[in-house]
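Here's the structure we're looking at; comments come further down.
Nothing in this text is a laboratory measurement; each read-out follows from the coordinates by a stated rule. Predicted, not measured: the structure shown is a model, and the values here were computed from it. In this analysis, Cβ positions are derived from the backbone assuming ideal geometry, glycine residues included, and neighbour counts consider all displayed protein chains.
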Amino acid sequence: MNKNTNIQLLAALFVLVSLVNSQSTGPTKNGLTIDSLSLSRTILNASSSLSQSTTISMTIEYTGLISSLFSGSFNSPNGAKVWISQNNFFNRTDHTANVQLCVALDDIFSCDLYDHDSIDCAYEISFSTSDTKEKIIFENEILTSSFPNSVLTVVQNNLPPAINGFVINVHPDGPLVSFEFDVSVYEIGLREISIKVYNGSGDSVFLSLSETPPTSNGLYYLEYLISPEKTGTDYYVDKLNVVDLNGNFIELSTGQIQQKFSISTFTVSKSSTPKYTTLFSYTDDSLPDNVTSSTYTTLTFNITLNSYLFPIYAAYSSLSFCTKYYHNSTFLTLYCTIPPNQAEDFYYIQWKSINSYINQKAFFNYYYQNDVTTEPILSSVEYSVKTINQLDPFYIEMNMTFATYGSYLDYISLIKIFNPDDLSGNLIQYGSNITEGVLSASFLLDTTKANLTQYLAFIRDTKGDYGEKVFKGPVTTPKYISPDLELEIQFGSDVFDFTNGTIAQVPFTVTTTTQNADQLTKFAIIYDDIHSMNIGDLSYYDIYGGLIASNLTHSTYSSWISMRYDDIPEHFTGGDFSIKLQYPGAKDSLYYYSTTCMTIIPPVAQPTIVTSLQMTPSGPVIDSTANEFINIVFQTKGSNVNYANVVFYQSQLQQSELDSIEFPCIVETPYSYDSLVAEYTCAIPIATLPSQTVFFYLKLGINNIDTPIYNYILQSSSLPSYFTIQGPQDNGLVPTIQQFQTSVTNNTLYINYNIINPTNYLLSHVKFNLFNRAVPATGDIDYDFKINQLTVIGIQLNGTTAINLCDLEGFTFEYIGNFGVYMSIDSPIPGVVWDFPYEILVDMDSNKQQFPNDIVCDYAGPRVVDFGVENPQFYDTTSGSVNVTLTFTITDDISGFSLLQGSIRSNTPDAYYFLDFNVLDSHLVSGNKNNGIYQYIFTLPQYSNATYVVSIISVLDQAFNERLYTSQNSLFLSNAYTLEAFSSVANPNTPSIQSITDTQESNANNLVITLSDAIEVSVYVTLDTYSETPFIGLTQVSPNTYQYNNFQNLNIISGVYYFSVCLEYSLTMKCLSPLDLEQLGLLNSLNIYTPNN
């Protein structure tokens, strides 16, 4: 049943309800009467695993105009509201209307049910009027006395979870302990499982917690790698706690666990490794009390490790990073160089080391002194326009002259004076090696929101000082738009069904109406008050903004909500929820779309098991000096597995401090919905790993949700669950560098080097790290610390490496003349990195890493100097098609022009057209790529009859620098940006779609669209507007038949996708949304399968 049929039935139901209640008038307040009130559900269960809702239907009468009831709300006693707007009104007359709204239980926070078994929700319904400026409230007592069946009761389950089974398992080959739980939760889902474990000495070993634990087989697991060196071999479980999503819980003590499950203790084998109380010692003879800002200051620390297996990591100063120079496998020098021109303050240096049970940290304070107190200044600003008189949004360019003292530039921010709106979204930020000069900035200026007639500019430097100045910019006369945008939205469905897929889509159309050019520029759909749903861009001005029809007054947009099951917020497993619409022009820019609720149908709970797992070599003992990889191949059966990883276990301490050790797997046999089987293969590099025993588990993306296949599950299935590496012995030696020489020629950095490897480990890769010496790091050391460095990987330990600096991603202007190089090698020992610090290399280099300041890289995008339609600008298409020539003059400073993207648009009634075109460097007709004239020729088909506007969207150079344009920017550049096509005869042939079919062979879609007539037409389909190819052109295979069969190469994940169809003829676009296609009885969606997604 389609959406329109649903609405018609709903309207009929409202009329019937109105007739039934017409003889018994409901409550009246201030001229407003509620004649009828009903709830689709009068009892909502807060314990349901799927969130519930109720639909409220009302018939109202008002002595004033119904249109003056501009808002209303359903009010929960706890203050939560579900808003009512004119979108909720149906079958309106001047004084009567039917009102419908959906109230999801989550919207009213279960009406403050708390720990009660049930509660009658004492809701109110209110309306606000625009004519009398009053708020009319119908209290709950009035509503329920007038309509006894309108009582809303919220109930919940207060039964705690039940623990049916509990198993403790210690791996026979090491200290990996597994806890298995068989838990029953009544109706609602599980929030957490926690367990507290003590050792034989009564010391707390760990409090383990798993929040909203996933399950692959209906059972739940906690697994931990224990360190018997520190905590011993004997352990007991003190407390076991299970909590559901309603807060109901069960807690078992040691005695209760023993009594019920006959197990509460476990023992692991004694460790053969020595017990350490510390990991390193050090000397800090170089640490001064004060560091001055006038020069670079290098601090060094000599560190002695108690074992070659202990890494040094997180070695930072607050203003920089530190590098490690190993003299041998257990002795190293830490180099920390502090840059000049920073803010005066207290800072610190730190580093850490870790094993499975100790995390040792060294920490040193120092004072950074900067005696310069002169503030940075902005002296002048130049603009790309002289005046701004009622212009549409456009990109403005500004050149700002600045100077800093005893510091570098941090950022510049522009703020509108007398207005809190901040343009700092266009903040100009650099890596801060710039001391003075001219900076260019470009940003989108919307005069309805920002005014440059007079504004305040801030400048901040790296020593933390601010300067500010009021500037007079181009006199700005804002473009006045009377806000009259009206918007209607229609959904093709209200259900996201994940029963047979990991992605679900709901198509929708948005129709706007405006008499004052108040067009839609942004649109968002929000759920649970926080999360924005993944929808295609909707914008009147964007070529990919979903616009399918417009005549300036009325515009129609088509888009889709795309949801993956892992997008769902925490603790929400499915069911009903409400949404909000957000767009400029809406009252307060945010309101509920509460007519109906959306519904999520979660994937069917289906056990997923690993049916086979094979390792090559088979192990369990594997020689890492003779094997570079362990290959693991496994097969799953059950739910769809979208991705897989092999994960190594670490201790709890290591998990909290170090990156997870995991290896991605690739699909060997794609998932089949028939056999429910998928097969993956995983390659784990082990070359010369030191001796160790590795326990692992599989992390599967079951329906895109991370779901572990725990080690105990593998053990229980008699599958491999560990392997033991037999590796080389440490000989105490480390790699040494014998030669290092740098030079720069034609923007290319050459590094000649020779590294000797006297270790027993196989080493082949070396990293060349280019870092910003002036500001080597930014952010807070404990939060958003970021090292400003770029890394290039070499594949040999000696030779010459050439690095094209201008092609190195991230090599921005602030690196030029101010970068240094250090090298590093990742050791096979986990966490250990052998660095060759800058301070060592610069002394070996006869060039002393003195890199030139005149490196010339291309950082600026090309510029369109002029463009237009070649004469004539009027074209008669009555007798046939006509070619039109567009000419563009384009300059670029260094690499040369590459690509221009433009658009051709018509909003002439009955001749809507909006498509893009591309001008390539091959379209050059005179000059060269740095200063040339390009021509693009397109055809006006016969019977074209409209005014067309040519605009530039963007231009790109050979170095991929981009300059953006709007239609207003295009007007600055041309007096010939329009062309007039006219035909004295109307097109006698209007295409229409006869049929749409999709056939699948070997999981490949073949979409065929057949038209009613064989006429000159181009056919496009559009999928999700976030797709890399939003407009997909179909190939004509017969006079009236078009097809496309290459969906599998569109880089989209498997799922059901809705589509629109656009027919282009006589330079007119006729587009049908998925909802239009459904109403015509035509296919409007594709089930696309891509093997690795």
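Structure data summary
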read-out: Net lengthening on full extension, D284/V985 (0.36 nm per residue, minus Cα-Cα); value: 243.3 nm
read-out: The chain - charge dipole about Cα centre, Lys and Arg +1 at Cβ, Asp and Glu -1, debye rounded to 20; value: 340
read-out: Convex hull per residue volume in Å³, alpha carbons only, for segment 863-982; value: 92
read-out: Segment S253-F813, length gained on full extension (0.36 nm per residue, minus Cα span); value: 195.3 nm
read-out: 3J(HN,Hα) from dihedral phi, segment 148-156, Karplus parametrisation 6.51/-1.76/1.60, rounded to Hz, x for glycine, proline; value: x, 7, 9, 5, 9, 10, 10, 10, 8
read-out: Rg and Dmax [Cα atoms of segment 162-267; Å; Rg one decimal, Dmax integer]; value: 13.7, 44
read-out: Only Lys, Arg (+1) and Asp, Glu (-1) charged, at Cβ; segment 706-824 dipole about Cα centre in debye; value: 380
read-out: Pairs beyond 19 Å (Cα-Cα), from K324/K767; K449/K580; K352/K786; K29/K135; K29/K580; value: K449/K580; K29/K580
read-out: Cβ-based net charge around I338, under 15 Å, with every Lys or Arg adding one and every Asp or Glu removing one; value: -3
read-out: Förster-model FRET efficiency, 22 Å R0, A976 and Y395, C-beta, rounded to 0.05; value: 0.55
read-out: Taking all pairs of distinct alpha-carbon atoms in segment 672-795, Kirkwood radius in angstrom; value: 20.2
read-out: Charge dipole (debye, nearest 20) of segment 649-761; +1 at Cβ of Lys and Arg, -1 at Cβ of Asp and Glu; value: 260
read-out: Per-selection metrics, the chain (Cα): Rg and Dmax in Å; value: 34.6, 102
read-out: Charge context of I543, other residues only, Cβ under 9 angstrom, K/R +1, D/E -1; value: -1
read-out: Stretchable slack from T93 to A441, in nm (0.36 nm times residue separation minus alpha-carbon distance); value: 119.8 nm
read-out: Zone of T724's modelled label, taken as backbone nitrogen in segment 667-708 under 16 Å from a point 7 Å along Cα→Cβ; value: 690-696
read-out: Cβ-based charge dipole, the chain, positive-most Cα from N1040, T25, Q796; value: Q796
read-out: R0 of 41 Å, Cβ-Cβ distance N1006-Q490: FRET efficiency to nearest 0.05; value: 0.85
read-out: Rounded Å value of the spacing that divides the Cα centres of segment 86-159 and segment 352-414; value: 52
read-out: CD proxy at 222 nm, helix term only [per DSSP H run n ≥ 4: -39500 (n - 2.57); per residue of the chain; nearest 500]; value: -1500 deg cm²/dmol
read-out: Dipole of the chain, positive direction: furthest Cα of I725, S293, F740, with charges on the beta-carbon; value: I725
read-out: Where labels lie 7 Å past Cα in the beta-carbon direction, separation of Q738 and Q655 in nm; value: 4.6
read-out: Contact order relative to length of the chain, as percent, for alpha carbon pairs under 8 angstrom and 6 or more apart; value: 8
read-out: Free-standing Cys, the chain [no other Cys Cβ under 4.7 Å]; value: none
read-out: Separation of the T669 and T513 label points, Cα + 7 Å toward Cβ, nm; value: 5.9
read-out: Cross-link reach list, aspartates and glutamates versus K479, counting only Cα pairs under 13 Å and skipping chain neighbours closer than eight places; value: D392, D446, D518
read-out: Given charges at Cβ of Lys, Arg, Asp, Glu: the chain dipole, positive-most of Y466, T277, S651; value: T277
read-out: Segment 450-482: chymotrypsin sites (Phe, Trp or Tyr not before Pro) in DSSP coil with no more than 12 other Cβ atoms inside 10 Å; value: Y480
read-out: Label-point separation in nm, S145 to T693, each point 7 Å along Cα→Cβ; value: 7.7
read-out: Fewest-first sequence of T514, T999 by Cβ atoms within 10 Å of each Cβ; value: T999, T514
read-out: For I137, net neighbour charge (Lys/Arg +1, Asp/Glu -1) across residues whose Cβ lies under 14 Å away; value: -1
read-out: Residue-by-residue Karplus 3J(HN,Hα) for segment 1078-1083, coefficients 6.51, -1.76, 1.60, Hz, glycine and proline x; value: 5, 5, 8, x, 9, 4
